[in-house]
Each structure stands twice: as C-alpha cells, then as structure tokens.
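The values are calculated or read from the model by the stated rules, or taken from the named source; none is laboratory data. Computed from a predicted structure; not experimentally measured. FYI the Cβ positions are ideal-geometry reconstructions off the backbone, even for glycines, and counts take in every protein chain you see. Note: accessible area is taken over every heavy atom of the protein model, side chains too, but ligands, DNA and RNA are not part of it. Shrake-Rupley method; radii C 1.70, N 1.55, O 1.52, S 1.80 Å.
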Amino acid sequence: MYDFQPETGLDTAERYRQLVDAADALTADEPDAVANMANVAALIREFVPDLNWAGFYRVGEAKSGGRELVLGPFVGRPACIRIPIGAGVCGVAAQSGETQLVEDVHAFPGHIACDAASRSELVVPVVREGEVIAVIDLDSPSPARFSPADAEGLEQLAALLSNRI
Ligand code: SME
C-alpha cells in the first residue's frame with residue numbers, strides 16, 4: 001500500500017516539493033507512461049487542495065491527421081477528449097510552451113468548459129527535448145485559486161515527468 005500524504009501546515013512551495021518527491025518515488029522505476037500519469041494525477045489530488053479536476057492531456061495524432069491534445073489519466077469528472085493545439089487554456093499552453101495561470105476561466109477567450117464547476121485553472125506544459133509532449137491541467141471551483149507558487153511547483157513536477165510519461 002502506498003500512503004503518500006502531505007504533512008499539515010505546509011506552505012505551497014513545500015507542499016509541491018513533497019508532491020514532486022512522492023511522484024519521483026512512484027515513477028522512478030516504472031517505464032509505463034499511462035501508469036505514471038495515473039498515479040501522479042492521484043497524487044495531485046492528495047497534495048493540492050481545492051481542485052475539481054487534475055490530469056493530463058498528451059500531444060497525439062488527430063483523427064484527421066496532424067497533432068492535437070488527447071485526454072490522458074485524470075481525477076475528476078469525465079472531460080473533453082480532444083482539444084486542438086491553440087484552443088482553450090490547454091491548447092494555448094501546448095502551442096506556446098508556456099504556463100497558463102487563469103484567475104477567471106470565464107474571462108479567458110476560448111476557454112473550454114469541461115466541468116461547469118471550474119472557475120480558475122493552471123496549465124503547465126511538459127517539454128521533452130524542446131517539444132511539448134503533454135500538459136498538466138488543474139481546475140479549481142474557486143476563483144483565482146492558483147498563485148505563482150502553484151505554477152512554479154507544477155512546473156517542477158512537469159520537469160520531473162519529462163522522461164517518464
Ligand atoms: N478547460 C480546459 C479544458 C480541459 S478541462 O478543464 C479538463 C481548456 O480550456 O483547455
């Protein structure tokens with residue numbers, strides 16, 4: 001049995017440090033990308049409070065050719081399966097290679113509402129050898145839930161996963 005849980009009273013940076021350590025321990029010896037993403041999505045739910053959705057979209061093949069984001073392992077309600085690169089918060093993160101911290105999803109042009117409860121969102125690209133291979137998406141029911149410390153912590157998790165998903 002795995003029992004990864006954050007200690008109580010941690011600040012955001014330390015909370016993410018412990019999340020990254022737990023993710024490192026769980027994925028270090030496992031070559032299967034889906035298994036690693038599934039466990040990391042579950043870990044995010046343990047370590048990051050006030051979320052209604054957390055998971056992965058991977059850059060994959062579009063049905064009509066070309067590339068698009070395809071839903072990966074997550075925790076939360078069933079979600080949009082395919083997102084064009086450049087569309088919505090996830091697609092913009094994938095296209096730009098830059099973290100998207102959105103305080104109010106209703107004010108983000110083209111935001112894709114997968115869960116009507118979502119009010120704010122944080123999306124971080126996972127980059128391997130200079131190419132975006134996936135994004136990690138966190139949604140919260142609270143407006144302006146995410147801080148730069150959340151973005152920095154999630155970027156460290158994305159860096160760890162670069163060769164593990
Ligand atoms: N809101 C995202 C879509 C994914 S869901 O939130 C799970 C977006 O605008 O890209």
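Observations, loosely collected:
- Selection of segment 85-100 for residues being on the phi < 0 side of the Ramachandran plot, open to solvent by less than 70 Å² (accessible area, probe 1.4 Å) and outside any loop (DSSP other than H, G, I, E, B) yields Val89, Cys90, Gly91, Val92, Ala93, Ala94, Ser96, Gln100.
- Filtered residues of segment 1-28 (kept if farther than 17 Å from Val126 by Cα, part of a helix (DSSP H, G or I) and not basic (Lys, Arg)): Thr12, Ala13, Glu14, Gln18, Asp21, Ala22, Ala25, Leu26
- Checked against the criterion of being closer than 21 Å to Ser120 by Cβ, surrounded by fewer than 17 Cβ atoms within 10 Å (Cβ to Cβ) and more than 15 Å from the ligand (Cβ to nearest atom), the candidates Pro31, Pro49 yield just one match: Pro49.
- Neighbours by Cβ (under 9 Å, 6+ apart or cross-chain): first from segment 126-147, farther than 17 Å from Val89 by Cβ; second among the basic types (Lys, Arg) and open to solvent by 50 Å² or more (accessible area, probe 1.4 Å): Ile133/Arg58
- Hits in segment 12-25 (condition: over 21 Å from Met37 (Cα atoms) and free of Cβ contacts under 8 Å to residues at least 24 places away in the same chain): Glu14
- Some residue of segment 1-18 being in contact with a Phe, Trp or Tyr (Cβ under 9 Å, 6 or more places away or on another chain), among the small types (Gly, Ala, Ser) and surrounded by 12 or more Cβ atoms within 10 Å (Cβ to Cβ): no
- Verdict on Asp32 being closer than 17 Å to Ala134 by Cα and either touching a residue at least 40 places away in the same chain (Cβ under 8 Å) or acidic (Asp, Glu) (or both): yes
- Every residue from segment 57-80 that is part of a strand (DSSP E or B), open to solvent by 50 Å² or more (accessible area, probe 1.4 Å) and either touching a residue at least 60 places away in the same chain (Cβ under 8 Å) or under 23 Å from Leu43 (Cβ atoms) (or both): Arg58, Phe74
- Residue selected from segment 101-129 under the condition open to solvent by less than 70 Å² (accessible area, probe 1.4 Å) and farther than 16 Å from Asp139 by Cα, by the criterion nearest to the ligand (Cβ to nearest atom): Val126
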